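Q: First the structure, then my questions, so here it is.
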Amino acid sequence: MQRFRLDPFLWIHLAGLATLPIWLGLCLLGFAVGYPVFPVTIEFLLVAVLGIVPVLWMQWFRPFYIYSILAIAIKPEQLTTEQQHILTGFKTQRHQGFAIITPVLLLPILWQLYRIAPLATDVAAILPNWRILGLAIAAIAFCGCNLFTQVPISVLLVFLTSKSQLNQRNPLSPDQISQGFTIVGWKVERILPITPNPEKTS
């Protein structure tokens with residue numbers, strides 16, 4: 001395995017895909033709250049648009065900054081040269097293409113959840129019987145579905161990139177990273193105690 005693929009942040013965000021069932025379950029729960037007050041098409045499209053557009057916009061224009069965990073992020077100027085090279089792998093047309101393909105593949109799953117939502121009405125009874133609340137839960141959860149599918153897929157695409165391909169691109173400067181990526185959380189100098197040293201990689 002090429003050394004850049006040992007970067008722990010790549011593996012942490014790839015593992016985010018494991019949370020997808022939780023977000024799908026919350027979608028189902030949201031759809032089960034209350035009784036439909038709008039036509040089926042409108043409810044479905046409302047949840048789909050609110051769940052897709054924010055993440056799609058982010059991944060297309062300013063991809064998620066993987067050197068972050070929860071509410072903290074490594075300052076761009078603290079990244080190693082190899083990590084700056086790795087980030088170039090998230091700014092390709094291939095990533096933009098998959099940013100469109102991924103939500104399209106999730107839409108049939110969302111539709112099936114909408115159809116079987118009545119099966120979860122007993123569980124949804126713990127919440128106020130407000131349809132607008134249910135749709136809000138479903139929309140937020142579907143946004144989570146997209147986020148925790150899009151980011152791992154983008155990481156997987158980087159895994160499929162060779163070391164030579166990454167090295168053909170100039171490493172991104174701290175300013176380019178700050179302007180070109182969505183950085184969420186408090187910026188710190190270090191998160192993990194041990195990170196790969198690119199100067200020792202081959």
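Q: Among L107, Q59, N129, which residue has its Cα furthest toward the positive end of the charge dipole of the chain, with +1 on Lys/Arg Cβ and -1 on Asp/Glu Cβ?
A: Q59
Q: In degrees from 0 to 90, rounded to the nearest 10, what is the angle of the helix 93-116 Cα long axis to the longest principal axis of the chain?
A: So the inclination is approximately 20 degrees.
Q: Work out the length of the dipole vector of the chain about its Cα centre, built from +1 on the beta-carbon of each Lys and Arg and -1 on the beta-carbon of each Asp and Glu, and round it to the nearest 20 debye.
A: 340 debye
Q: Separate question: Please report the relative contact order for the chain, taking Cα pairs under 8 Å with a sequence separation of at least 6, and give it as a percent rounded to a whole number.
A: This gives 49 percent for the chain.
Q: Could you state the accessible area per residue of the chain in Å², with a 1.4 Å probe and every protein chain left in place?
A: 54 Å²
Q: Based on the Kirkwood radius over alpha-carbon pairs, what value in µm²/s does the Stokes-Einstein equation return for the translational diffusion coefficient of region 49-202 at 20 °C and 1.002 mPa s?
A: In µm²/s, the coefficient rounds to 122.
Q: While we're looking at this one, here's another question. Could you state the angle between the C-alpha long axis of helix 20-31 and the longest principal axis of the C-alpha atoms of the chain, as a value from 0 to 90 degrees rounded to the nearest 10?
A: Taking the Cα atoms of the chain, the angle to 20-31 is about 30 degrees.
Q: Then there is this: Mean residue ellipticity at 222 nm from the helices of the chain, using -39,500 (n - 2.57) per DSSP H segment of n ≥ 4 over the full residue count, to the nearest 500 deg cm²/dmol? Working shown, then result.
A: Numbers: 9 runs with 118 residues, N = 202.
Computed mean residue ellipticity for the chain: -18500 deg cm²/dmol.
Q: Tell me, what % of the accessible area of the chain is carbon and sulfur with a 1.4 angstrom probe?
A: Of all accessible area on the chain, carbon and sulfur atoms account for 68 percent.
Q: Nearest 10 degrees, 0 to 90: what angle lies between the long axis of helix 131-159 and the longest principal axis of the chain (Cα atoms)?
A: Relative to the chain, helix 131-159 is tipped by roughly 30 degrees.
Q: What net charge is computed for the residues neighbouring F31, neighbours being all others with C-beta under 15 Å from the C-beta of F31, Lys and Arg scored +1, Asp and Glu -1?
A: 0
Q: How high is the FRET efficiency between A71 and I109 when r is their beta carbon distance and R₀ equals 35 Å, given to the nearest 0.05? Show your work: numbers first, answer last.
A: Working: r = 29 Å, r/R0 = 0.82.
In this case the efficiency is close to 0.75.
Q: Report the relative contact order of region 1-111, percent, no decimals, based on alpha-carbon pairs under 8 angstrom and at least 6 residues apart.
A: The normalised contact order for region 1-111 reaches 40 percent.
The values are calculated or read from the model by the stated rules, or taken from the named source; none is laboratory data. Values in this document were obtained by computation on a predicted structure and should not be read as measured data. Neighbour counts are summed over all protein chains in view; Cβ atoms, including those assigned to glycine, are modelled from backbone coordinates with ideal geometry. Heavy atoms of the whole protein, side chains included, go into the accessibility calculation; ligands, DNA and RNA do not. Shrake-Rupley method; radii C 1.70, N 1.55, O 1.52, S 1.80 Å.
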